[in-house]
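J.: Provided herewith is a single structure, encoded as structure tokens, for subsequent inquiry.
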Amino acid sequence: MGGSDDSGGFDEFVVASSPRLLRSAYLLTHEWAAAEDLLQTALAKAWFGWSRMAGNPEPYVRKVMFHTYVSWWRRRSFGEHPAPDVPERPSAGDAQAGVDARDEVWRALGRLPRRQRAVLVLRYFEDLTEAEIAQVLEISPGTVKSQAAKGLARLRLDESLRPTHQTNGVKA
């Protein structure tokens, strides 16, 4: 697929695959600007190796993207930490309830360790098999299984994802 003078092929690849890759990047970073930076970095790295690629380059770019994401978070050392208490939410209609539920899932995913989050995103949002996830993250299939199990267990224990009952506007 690649070639040193195949910039048209690269351009076509970027146009065709960027929406899917950007979605994965957003699922990891939870920020559009960071997701765009992550995707751009992965595509820049792919450009330099384009001449050596054969077949479908998307798995390679996805692998670069996930490794770049992990390395970014290893280097980050900012003092931002999740708050122990979620602020009160205004009472809203059923339309808002779905948005709130999705937001709680995003927040819960954000509290997982990076590898567990990556495994769950690849498995449940990207619909990759355990073998494909192992290949993308360069870990064993057994590690994929254990990280998925641990991540799901942590999500099941996450208080913010437990159903609550409203009684006169107060959680019961």
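The values are calculated or read from the model by the stated rules, or taken from the named source; none is laboratory data. The model shown is predicted, which means the values in this text are computed figures rather than measured ones. When we count neighbours, we look across all protein chains shown, and the Cβ atoms used for this are built from the backbone with ideal geometry, even at glycine.
J.: Looking only at residues that are exposed (fewer than 12 other Cβ atoms within 10 Å of the Cβ) and outside any loop (DSSP other than H, G, I, E, B) in the stretch 1-19, which one is modelled with the lowest pLDDT?
T.: Of the stretch 1-19, the ones exposed (fewer than 12 other Cβ atoms within 10 Å of the Cβ) are 4-5, 7-8, 11, 15-16, 19.
Those still in the list that are outside any loop (DSSP other than H, G, I, E, B) too: 7-8, 11, 15-16, 19.
Working: Ser7: 60, Gly8: 56, Asp11: 89, Val15: 92, Ala16: 92, Pro19: 94.
Among those residues, the one meeting the criterion is Gly8.
J.: Another question, if that's okay. Within the stretch 13-61, which residues are closer than 23 Å to Gly110 by Cβ and among the hydrophobic types (A, V, I, L, M, F, W, C)?
T.: Of the residues in the stretch 13-61, the ones closer than 23 Å to Gly110 by Cβ are 19-42.
The answer is Leu21, Leu22, Ala25, Leu27, Leu28, Trp32, Ala33, Ala34, Ala35, Leu38, Leu39, Ala42.
J.: I'd like to verify a number: residues in the stretch 28-74 that are touching a Gly at 6+ places or on another chain (Cβ under 8 Å), part of a helix (DSSP H, G or I) and surrounded by 14 or more Cβ atoms within 10 Å (Cβ to Cβ), how many?
T.: Counting residues in the stretch 28-74 that are touching a Gly at 6+ places or on another chain (Cβ under 8 Å), part of a helix (DSSP H, G or I) and surrounded by 14 or more Cβ atoms within 10 Å (Cβ to Cβ) gives 2.
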